[in-house]
Structures are given as C-alpha cells and as structure tokens.
Amino acid sequence: MTTVNTKLNRRSFLKVSALAGGGMVLSFSWLAGCKPSSEEELLAMPKEWFELNSYIKIGDNGRITIFSPNPEFGSNIKTSMPMMVAEELDVDWKNVIVEQADFYPERFDRQFTGGSQGIRQGWKPLRTAGATAKAMLVAASAQTWNVPASEITASNGQLSHAGSGKKAGYGEMASLAATLEVPEEVTLKEIKDFKIIGNSKKNVDGQKIVTGQPMYALDKKVEGMKYAAIVQPPAFGMRLKSFDKSSISGMPGILDAFEINVFKEDYARNFFDTTTFPDKIAIVGNSTWEVMQAKKSLKAEWEKAPDTTFPMAGRGGQANNVTIPGGLENTSSHKTKMAEYIQKPGNVLRKDGDPEGAFKKAHKVLERTYTAPFLAHNTMEPMNCFADVKGDKAEIYGPTQAPDFISGTISQAIGIPKENIQINLARMGGGFGRRAYSHHLVEAAIISQKIQAPVSLVYTREDDMAAGVYRPTYSATYRAALDENNNLLALHVKAGGIPESPIHANRFPAGAIDNYLAEGWDLPSNITIGAFRAPRSNFIAGAEQSFLDELAEEIGKDPIEFRLELLKRAETNPVGENNDYVPSRYAGVLELVREKSNWNTPKANVSRGVSAYFCHNSYVAEVVDTVIKDNQPYVESVYAAVDCGVVVNPDAAANMGEGAIVDGIGNAFFGEMAFENGAPTKTNFDKYRMIRHKEAPKKIEVHFVENNEDPTGLGEPLFPPVFAAVANSLYKATGKRYYEQPFAPQLEMQNLRM
Amino acid sequence: MATYNLNINGKNLQVDVDPNTPMLWVLRDHLDMVGTKFGCGIAQCGACTIHLDGNAVRSCQLPVSAVTDAQITTIEGLSEKGDHPVQKAWIEHDVPQCGYCQAGQMMTAAALLKSNPSPSDEEIENAMNGNICRCGTYTRIKAAVKTASQNQ
C-alpha cells in the first residue's frame with residue numbers, strides 16, 4: 001500500500017462550494033453535462049449528482065461520472081484515465097459514465113496529450129482522486145452509522161460495516177460525503193488488488209463512433225453559425241502581399257474576406273507557438289462548399305519573405321531570438337547541404353574514452369550514413385475549429401493536444417483575458433503531435449470576433465498538408481572501429497537535420513562502449529517543424545538499429561545476441577554516468593521478443609529483422625517478417641515486446657501498439673514530403689502515399705512484459721523501432737541494405753513492385 | 001440554387017443548394033448529418049463513404065444533382081439501433097482509435113458484405129484499400145469484417 005499526500009495536487013480536489021465564491025465567470029457543464037446514450041443509461045440516470053472532487057461525481061442512485069481530463073486523440077485515454085480513478089474509488093465499471101472534461105486549469109493538472117505522458121503522469125493523481133473520494137464516502141458512513149471509519153469497508157460501489165451489518169450504496173452516502181473535508185492523506189491499493197486496471201475495457205465512445213454521432217469539432221453547429229476557409233501563401237518563404245476581395249464578392253454564399261494575423265507585434269511566442277503562416281486570408285460564407293469554391297477564385301499576391309527574427313521560448317521556457325531565414329528551399333539543395341555537413345565536425349554532445357585514438361588504431365572501420373525526409377502528420381481530420389467570440393467572452397471548441405499552450409496565444413490575438421476564454425476539448429481525428437500547435441483555434445477566434453458570429457473554420461486537405469509543422473529531415477552517420485579480432489573498439493555517431501539534430505546522446509549504445517563520440521549539427525530553414533510521434537527517436541532509432549544490425553553481421557554475431565552483450569556491459573560496468581536507460585529492462589524486451597517470435601526458427605519463406613529502442617520511458621523490441629510474393633515485398637508478421645510498466649487497459653494498449661507499428665511500416669516504405677521552390681510537392685493523398693489495408697501486416701502480436709513498475713509511455717515507443725526492423729528484414733529478403741527513407745523507391749529500382 | 005428531393009436513410013428530405021454541391025456537404029452542412037466525414041475532398045481517403053443504392057461511393061465527389069433518384073444510406077442509417085453486424089463487430093474488436101475514418105470504413109465494409117457475404121482476406125483487402133486509417137487499425141478492421149461476415 002502507498003500512502004499519498006493529497007495536498008500535492010490539491011486543486012484536483014476543489015469542490016463546487018469553493019467555486020461558488022470563487023467568481024468563476026465561465027459556465028462549466030459540471031452537473032448537467034451527462035448525456036446518456038443508451039436506453040439502459042437513460043433508465044439509470046440519477047435525480048441528483050454530488051461532486052466529490054474534480055474528477056468524480058456520484059448520483060443518488062450510485063451512478064458514477066468520471067471526468068477524463070486530457071484531450072483524446074485516439075490513444076484511448078478517455079477510457080484508461082477514468083479506469084485509474086474507478087480502480088481506487090472501487091466501483092463497478094458498468095456504473096461509470098465517462099465525460100470529457102473541458103480545459104479547466106484551475107481544476108486539472110497538465111491537460112496535455114503528448115509525449116506519451118498521460119498515463120504515466122496521471123498514475124498517482126488520478127488514483128489519488130479515486131482513493132480520496134472513497135475515503136470521504138467511508139467517512140460519511142462512519143458519521144451516519146456512528147462507527148469508526150476503520151471498521152468500514154468500501155468495495156464495488158458498496159459500503160458496509162461488518163459489526164453492525166449496516167450496508168449502503170455509494171449513492172446513499174454521496175450527499176453527505178460531498179460536504180466533508182478532503183482527507184489529507186489517503187492510501188492507494190496494492191497492484192495485486194487491482195480489479196479494473198489490467199482488465200481490458202472497451203472504448204467508452206465506441207458506440208458513438210460506430211453510429212456516427214457528433215464528437216469532433218467539425219461536427220459542431222449552432223444557430224447563426226458561419227463557415228470559414230483560409231487561403232495561405234503557396235510556399236514556405238512567401239508571405240501575403242495583397243488580395244482582391246472583389247475577385248470573390250458576389251459569389252454564391254460568400255459574406256466576407258479579410259486578412260487575419262495570429263500574432264500581435266509585441267507578443268512573445270511560447271515553445272508551441274510554431275505556425276508557418278501567421279498572416280493569411282480568411283473567407284467567410286454560408287456553407288463549407290461555398291467558401292471552398294471561393295478559395296479557388298480568390299486573387300491574391302504573394303511576395304518573398306525576408307529573414308525574420310522574433311523572441312520565442314525554448315524547451316526550458318527561456319526566451320531566445322529565433323531567426324527564420326528567407327528564401328525558397330528545395331529538397332535537392334537540402335540533400336546537398338546535408339551531405340556537406342556529414343564531412344564537417346559537429347557539436348560534441350557526448351564523449352567517452354578516446355574515440356579518435358581508437359579509430360586511428362582500428363583494423364577496420366564500418367561507416368554508414370542514413371537519411372530520412374520531412375514527413376507530414378496527415379491527421380485524417382484536417383485542422384478546424386469552432387469559435388464563438390462575443391464581447392469580452394469566447395467559446396472555443398477545437399481539436400487541440402495542448403489547450404494550455406494556445407490559450408495565451410488566443411488571448412493576445414483577440415484581446416480577451418484567458419479566464420474569459422473557454423476552451424472545450426473536442427475529440428480529435430488524430431494528433432500525432434501536429435495538434436500540439438493549435439493556431440487553427442486562434443484563427444477561428446479571430447474570424448468569429450471579426451464577423452461577430454459563431455464560426456466553423458476548416459482547412460482543406462491541401463491547406464493542412466501544406467501548412468508545415470513537419471517531422472524534420474535528418475541524416476546520421478555511424479562509424480564503428482573494429483580490431484583484427486572484430487572486437488568493437490569505438491562508436492561514433494554524427495547526426496543532424498533541418499532544422500534540428502535527432503541525437504539523444506545519452507541513450508544506448510552510449511554506456512556500452514568504452515570509446516564513444518556523439519556529435520550533432522543543424523541547419524536553419526523556413527520549413528516549420530514540430531513534434532511528430534516520438535520526435536527525433538523516430539529517425540535515430542532506425543539509423544542506429546540498422547547500423548547495429550550491419551555491425552553484428554560484420555562481427556559475425558546474431559543481432560539479438562550482439563545487442564544483449566552490449567547491454568550486459570552497460571549493466572555490469574557502464575561507461576559514463578548519464579546513461580538514461582535501464583539495461584536490464586532493455587535486454588528484457590529483446591529476450592521476450594526472441595521467445596515470442598521463435599527468433600531462431602522462423603517460418604519458411606520469411607525474412608526476419610529485429611530492432612529495439614528506448615524512448616518515452618519505455619522499452620520496445622520488434623521482429624518483422626517480410627515476404628516477397630509475386631515480386632512484391634510486404635510485411636507478413638510483426639512481433640513486439642514492450643516494457644511500459646503496469647498496463648492499464650491491455651487490449652486498448654495492444655491496439656495503440658499495432659497502430660504505431662502500421663504507422664512505422666507506412667512511413668518506412670512511403671512517407672515523404674519534398675519541396676520545390678519552397679512549395680510542398682504533395683498536398684493530398686493522391687501524391688502523398690499513406691499505408692493502406694493491402695500493405696498492413698497480416699498479423700501483429702504485441703506482448704507486454706509483466707512487472708509492477710509504474711506505467712510509462714505507450715503511444716510513441718512502438719513507432720521508432722519499426723523502421724530498422726523493416727530495413728533489416730528487407731536486407732535478408734533482397735540482400736541490399738536500406739539507408740535512405742522511404743524505402744519504396746529503392747525497392748522499385750530493384751524491380752520489385754511497391 | 002435548386003431544390004432537390006432526396007431519399008436518405010429511408011426518409012424523404014429536401015434541400016435547396018447549388019447543383020454541384022457534393023453530397024458530403026449537403027449531409028453535413030444542410031441536413032446536420034455529420035457522421036459522414038471530410039478527409040481529402042478528392043475521393044482518395046474514403047472517410048466520406050456512403051451508400052448509393054447499396055454501393056459504397058465517395059460523397060465528396062458526388063454532386064447532389066446526380067443522386068435524386070437514388071436511395072442514400074449514411075452511417076446514421078446503417079441500422080436503427082446501431083446494431084448492424086459491422087457495427088457490432090467494430091465494438092467487439094474495439095477497432096477505433098481516433099475514430100474519424102471509421103464511419104467510412106464501416107460503410108465500405110457493409111457494402112462489401114452485402115455483395116459478398118463471405119469475402120476472403122484478399123477480397124477484404126481489395127475492397128477496403130480505398131479507406132485510409134491514419135491510426136493504423138487495419139488488422140482490427142480486417143478481423144472485424146470477418147466477424148461481421150460470420151454474424152450476418
């Protein structure tokens with residue numbers, strides 16, 4: 001049992017009574033927000049709800065509503081976060097209604113979906129919320145029955161006192177419990193006593209999804225609402241010069257067109273204030289189709305943007321001046337420049353031993369360079385937002401991973417204080433990092449304020465794909481020094497990108513090699529980048545794990561055995577001090593995937609590759625089986641072993657893992673964004689190739705290491721290892737190594753069908 | 001602008017729109033049926049799939065003027081109580097992640113099973129290949145289509 005101090009996250013336990021005097025201006029659908037969706041639910045709705053803390057309200061009939069604090073983009077936290085609350089509250093999951101909380105920083109910590117941190121960082125606070133409410137129900141029963149609280153048991157929504165035989169449902173004690181003081185300390189369950197955590201629960205929104213009910217921002221409609229589209233510059237490095245409103249006035253359904261500016265001049269941008277075109281044109285009309293038609297007819301003049309410098313907060317929050325260079329960039333010149341940088345010294349990020357000396361005396365040096373292009377996130381739901389700005393108040397309903405990071409940006413843009421801006425969290429049609437940058441919310445707010453009416457803003461797919469915030473393009477050169485007996489003397493990695501380096505200098509294989517050197521470099525660009533599922537890891541893992549595969553072959557060792565030997569070294573006699581991984585857990589997933597894939601006895605006709613990586617606090621190893629049939633390579637099976645601590649919702653966790661693997665295979669084979677004269681060469685799915693049903697693996701197995709570690713990341717860690725596992729299995733299938741992503745063009749040059 | 005009488009999910013509905021307006025936007029903006037989703041606008045992703053006389057079609061490329069004599073079915077009308085075998089199978093396999101593409105996936109799957117009640121793996125892959133799922137739920141979709149096929 002763990003005793004936790006509830007003071008640590010006191011604001012989660014605010015009650016309605018405290019708020020009543022607190023002068024909250026915004027309405028919050030706190031006690032009236034339940035929307036029963038089935039007949040069963042309708043029958044069982046209580047007459048009155050009692051709020052025990054920010055996460056929990058209990059009905060007089062024992063129904064429980066649990067608020068899921070974080071925005072949902074498909075990782076299923078709307079189910080798994082409430083499961084953690086319900087576990088400690090000790091209720092029957094069947095009696096739980098889950099609701100999406102709105103953005104409410106006074107009540108919830110970290111309403112941010114990203115960095116695979118939802119479950120990890122919610123683990124203690126959410127369970128504490130459940131345990132606190134349970135303790136208050138116990139205290140209410142003790143008071144009612146006049147018996148000591150310590151003699152009362154609470155389980156499955158029922159309170160009982162063995163001595164007197166008294167029993168009550170949570171609903172009967174809820175009204176009194178809601179008036180009691182919040183206990184200062186509560187006890188959390190032991191893992192072995194979990195009943196909900198670790199038992200798969202279906203997606204709480206499953207029925208709504210399969211029946212097409214409104215859940216996304218784009219589905220919102222109110223009386224008097226107008227529709228808006230944007231027109232943005234045609235290329236990176238361009239900006240708006242002027243436009244001719246008369247070119248579309250008189251078109252059917254068109255009401256207005258005007259310039260919008262996301263940033264006021266004196267505004268200091270935060271770390272997530274990346275937007276490619278802060279100044280653009282908005283077109284407003286009576287329907288989506290009509291504004292989309294007007295977009296095509298609008299005459300606008302664009303001009304080349306000069307170098308621009310502005311202050312922007314870095315990852316740590318400190319403001320630095322950022323300069324965005326002018327110019328129209330090309331993929332071909334990116335490649336040339338990146339090749340030049342490989343030859344230049346980089347910034348030393350980590351150095352152990354004497355790598356230069358080791359390379360000098362090496363008998364053999366293996367050197368390989370890996371590259372990958374920019375990638376677009378391509379969420380299925382394009383950027384969009386509903387906004388209704390009236391007077392000094394604003395209601396925003398939009399797809400955002402990071403409401404906290406955009407509320408200040410909205411505030412400065414429309415001149416309304418943050419506390420008067422209500423951001424309601426729509427279910428997102430995908431995120432993958434893209435919606436951590438939520439300037440579509442700002443744009444909708446500006447448009448609504450300007451037209452003095454509620455508005456639904458939607459990007460076309462072309463707008464969305466050309467709006468930047470991409471995964472950067474990267475390059476990594478690995479070198480290994482071997483002695484005459486094929487012992488590994490030194491490893492050197494030099495990696496960079498446009499506009500950031502992908503290096504995590506303290507990760508494996510750092511710590512396992514006596515002489516180690518990591519160097520980074522970066523090149524400025526006006527092509528904007530942002531978080532993309534496992535930032536930086538999503539490239540460097542592929543490079544590193546492809547290189548280790550080739551190195552193992554050079555040395556003459558089994559690729560899993562070779563990695564295990566390195567990890568043994570890192571565990572027993574680590575090099576350096578800042579190694580940020582636990583070697584035994586890393587080895588654990590390799591051993592598990594070796595067992596589950598029957599590594600040493602693959603099926604006939606399959607070609608096998610392995611890869612492993614640590615990121616977002618979790619360890620993943622994957623084996624990919626490739627088959628070439630009718631001259632066409634495809635991934636037949638994938639086996640994954642994952643150590644992410646306790647798994648809250650196993651089937652949903654497996655789903656997430658399967659999706660990350662499919663995502664990885666798709667991007668390894670096809671993912672690519674390129675530029676000509678600053679313009680993206682692909683702006684829709686006719687040119688930007690996405691993985692489809694036929695290319696998905698026939699089978700994916702996701703195996704979790706069973707342990708009692710606190711939960712760690714899951715949405716991202718299964719993604720990075722896929723690239724090398726695919727490359728290494730393709731090597732076995734074709735005899736060629738794959739150094740340049742995406743792999744499809746090279747495979748086609750080998751006369752294979754892709 | 002012109003007036004169109006449409007038969008959608010067994011109901012007769014009237015809209016007054018430009019003849020070129022795609023059914024996607026007629027449904028979403030004019031009839032408040034928002035289960036059909038906008039993904040690409042060029043019939044490449046399948047998020048907007050509906051049934052036209054039982055066949056799966058992309059509503060983003062289907063002008064309203066072309067459908068006046070047809071029976072249209074959308075995700076809202078796939079079943080009365082949300083219990084079409086495809087919908088039940090989607091729940092059983094807990095298919096959706098973000099959920100945005102799933103209405104289109106299910107409409108394609110339902111049309112497939114109507115014309116081919118027992119599709120092979122290859123037939124499922126071929127029929128579903130026009131529907132992109134960015135979350136990568138393809139293996140679950142295939143399993144759900146098979147389950148739905150068995151439970152029709």
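More than 20 angstrom separation, counting every C-alpha pair in the stretch A:131-203; what % is that? Percentage above 20 Å: 34. Averaging 1/r across all pairs of distinct Cα atoms in the stretch A:699-746 and inverting the result yields a Kirkwood radius of 13.3 Å. Contact order, relative form, for chain A: 13 percent (alpha carbon pairs under 8 Å, 6 or more residues apart, mean separation divided by residue count). Rounded to the nearest 5, the antiparallel percentage of DSSP beta bridges internal to chain A is 75%.
The string of couplings for the stretch A:454-465 from the Karplus curve (6.51, -1.76, 1.60, θ = phi - 60°) is x, 9, 10, 9, 9, 7, 6, 4, 5, 4, 5, 6 Hz, one whole number per residue in order, with x for Gly and Pro. With just the Cα atoms defining each centre, how far is the stretch A:330-350 from the stretch A:231-273? Give it in Å. Measuring centre to centre over Cα atoms gives 35 Å. Here the contact order of chain B, divided by its residue count and restricted to Cα pairs under 8 Å and six or more residues apart, works out to 24 percent.
Mean projected area of the convex hull spanned by the Cα atoms of the stretch B:51-120, taken over all viewing directions: 5.6 nm². Normalising the average separation of contacting C-alpha pairs (under 8 angstrom, six or more residues apart) by the number of residues puts the relative contact order of the stretch A:617-688 at 20 percent.
Taking one quarter of the surface of the convex hull spanned by the alpha-carbon atoms of the stretch B:85-150 gives a direction-averaged projected area of 3.6 nm². Principal axis analysis of the Cα atoms in chain B yields extents of 45, 27, 23 Å, listed in decreasing size. Shown here is the pair-distance distribution of the stretch B:2-77: with all Cα-Cα distances grouped in 5 Å bins from zero up to the longest one, the shares run 3, 18, 32, 30, 14, 3 percent. A simple rule links phi to the HN-Hα coupling: the Karplus curve 6.51 cos²θ - 1.76 cosθ + 1.60 with θ = phi - 60°, which for the stretch A:543-552 gives 5, 4, 6, 6, 5, 4, 5, 5, 5, 4 Hz, with x for Gly and Pro.
Chain B packed on chain A takes about 4800 Å² of accessible surface away from a 1.4 Å probe, both sides summed. Close amide-amide hydrogen proximity is noted between A:V389 and A:E395, A:Q449, A:A453, each under 5 Å apart and 5 or more residues distant or on a separate chain (H modeled in the peptide plane; Pro and chain starts excluded).
Per the Debye calculation on the stretch A:193-275 with a single equal scatterer at every Cα and no solvent contribution, log₁₀ I(q)/I(0) for q = 0.16, 0.22 Å⁻¹ amounts to -0.98, -1.19. For chain A, what is the convex hull volume of the alpha-carbon atoms per residue, in Å³? With only Cα atoms used, chain A gives 175 Å³ per residue. Computed over neighbours whose Cβ is under 12 Å from that of A:E676, the net charge equals 0, Lys and Arg +1, Asp and Glu -1. Summary of the geometry: the stretch B:61-80 and the stretch A:176-219, compared by the centres of their Cα atoms, lie 37 Å apart. Protein heavy-atom accessible surface, 1.4 Å probe, per residue over chain A: 37 Å². Take the Cα coordinates of the stretch A:384-535, assign each an equal point scatterer, and use the Debye formula without solvent to give log10 I(q)/I(0) at q = 0.11, 0.13, 0.16 Å⁻¹. Summing over Cα pairs of the stretch A:384-535 leads to -0.59, -0.71, -0.89. Here is the list for the stretch A:244-344: GluC sites (Glu not before Pro) lying in DSSP coil, each with at most 16 other C-beta atoms within 10 angstrom of its C-beta, are A:E265. The H on the amide N of A:G511, modeled in the peptide plane, is under 5 Å from the matching H of A:V575, each at least 5 residues off or on a different chain. The peptide list A:733-739, B:29-35, A:80-86, A:545-551, put in order of mean Cβ contacts within 10 Å with the highest first, becomes A:80-86, A:545-551, B:29-35, A:733-739. Within the accessible surface of the protein assembly as shown, defined with a 1.4 Å probe on protein heavy atoms only, the carbon and sulfur portion equals 47 percent. Spherically averaged projected area of the convex hull of Cα atoms, the stretch A:538-749: 13.8 nm². Entry for the stretch A:587-682 at q = 0.11, 0.14, 0.15, 0.23 Å⁻¹: log10 I(q)/I(0) = -0.43, -0.64, -0.72, -1.24, Debye formula applied to identical alpha-carbon scatterers, no solvent contribution. With distances taken between every two different alpha-carbon atoms, the stretch A:235-310 has a Kirkwood hydrodynamic radius of 14.0 Å.
The values are calculated or read from the model by the stated rules, or taken from the named source; none is laboratory data. Fair warning: this is a prediction, and the values are worked out from it, not measured in the lab. When we count neighbours, we look across all protein chains shown, and the Cβ atoms used for this are built from the backbone with ideal geometry, even at glycine. Heads up: the accessible areas ignore ligands, DNA and RNA and are worked out on the full protein's heavy atoms, side chains in. Shrake-Rupley method; radii C 1.70, N 1.55, O 1.52, S 1.80 Å.
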